Amino acid sequence: MPDETAKLQAVIDALLKVKGLLVEAYEPIHSQEHLWEVLEYPGLEKWFDKLNRDLWCLHHRILKRVFKLGGRPDGVTDDESAAFNKALSLLQGIHAACQEVYDAAEEADDYVTEGKLEDIQGDVEAWIVSARAKLAQIERLKEGFMEEQL
Ligand SMILES: [Fe+2]
């Protein structure tokens with residue numbers, strides 16, 4: 001039986017490798033699509049757009065199989081608080097980076113970027129508020145559960 005488990009783990013590991021390569025490929029292919037867009041090569045843009053969307057879909061299919069087999073990619077957790085705390089910390093990092101762009105754009109009198117960043121940062125802030133609310137909700141549920149145990 002341990003041999004079967006090891007064989008299954010090898011399948012999961014191989015799937016995770018493919019998943020990693022799909023995620024890695026997505027970003028440069030997506031950026032390439034937008035370069036063709038800017039250079040006004042619609043045929044090339046369309047091909048790269050189709051590829052980057054397909055890479056993302058393939059990644060989903062691989063990921064679902066990993067979970068079906070009992071695999072867990074790095075960075076995921078069964079603990080709700082930990083999951084929301086991680087999301088919150090990632091969002092806060094993005095928010096701080098947005099602030100740097102906003103400050104640099106202000107310094108450069110780049111009002112277009114400033115305006116766009118204000119919108120983007122607003123969306124990130126809404127997610128931060130949502131993550132904090134979820135964490136507070138989890139805490140309240142835990143407290144309620146503990147009171148019931150007393
Ligand atoms: Fe895009």
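The values are calculated or read from the model by the stated rules, or taken from the named source; none is laboratory data. On a predicted model such as this, the values are computed, not experimentally measured, just so you know. Virtual Cβ from ideal backbone geometry, glycine too; neighbours counted across all protein chains shown.
The set of residues in region 32-86 being within 16 Å of the ligand (Cβ to nearest atom) and either of a type in the set (S, T, N, Q) or not assigned by TED's automatic domain parsing to the domain that holds K7 (or both) consists of Q32, N52.
Once region 1-56 is narrowed to residues that are of a type in the set (S, T, Y) and loosely packed, with under 13 Cβ neighbours inside 10 Å, the residue that is farthest from K68 (Cα to Cα) is S31. Are any of the residues in region 78-91 assigned to a helix (DSSP H, G or I), among the basic types (K, R) and closer than 30 Å to L21 by Cα? Yes, the conditions are met somewhere in region 78-91. Would it be correct to say that A10 is of a type in the set (A, V, I, L, M, F, W, C), farther than 16 Å from D74 by Cα and more than 14 Å from the ligand (Cβ to nearest atom)? No: the conditions fail for A10. Can you find a residue in region 136-149 that is touching a residue at least 40 places away in the same chain (Cβ under 8 Å), touching a helix residue (DSSP H, G or I) at 6+ places or on another chain (Cβ under 6 Å) and crowded, with 16+ Cβ neighbours inside 10 Å? For region 136-149, residues touching a residue at least 40 places away in the same chain (Cβ under 8 Å), touching a helix residue (DSSP H, G or I) at 6+ places or on another chain (Cβ under 6 Å) and crowded, with 16+ Cβ neighbours inside 10 Å: present. Would it be correct to say that H60 is without any contact (Cβ under 8 Å) to a residue 12 or more places away in the chain and not charged (D, E, K, R)? Spelling it out, H60 is indeed without any contact (Cβ under 8 Å) to a residue 12 or more places away in the chain and not charged (D, E, K, R).
Checked against (1) in a helix (DSSP H, G or I); (2) of a type outside the set (D, E, K, R); (3) out of contact with any Ser or Thr (no Cβ under 7 Å at 6 or more places or on another chain), L135 passes all but a single condition, namely (3). You will find that of V124, V129, V112, V101, the residue that is under 20 Å from S81 (Cα atoms) and over 16 Å from the mean Cα position of the chain (by Cα) is V129 and no other.
When each of Q32, Q9 is tested for being over 30 Å from R132 (Cα atoms), part of a helix (DSSP H, G or I) and within 22 Å of the chain's Cα centre (by Cα), the lone residue that passes is Q32.
Each row is one residue, and each column tells you yes or no for (1) on the phi > 0 side of the Ramachandran plot; (2) of a type in the set (K, R); (3) at pLDDT 95 or above.
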site	(1), (2), (3)
A83	no, no, yes
Q99	no, no, no
K134	no, yes, yes
E139	no, no, no
M146	no, no, no
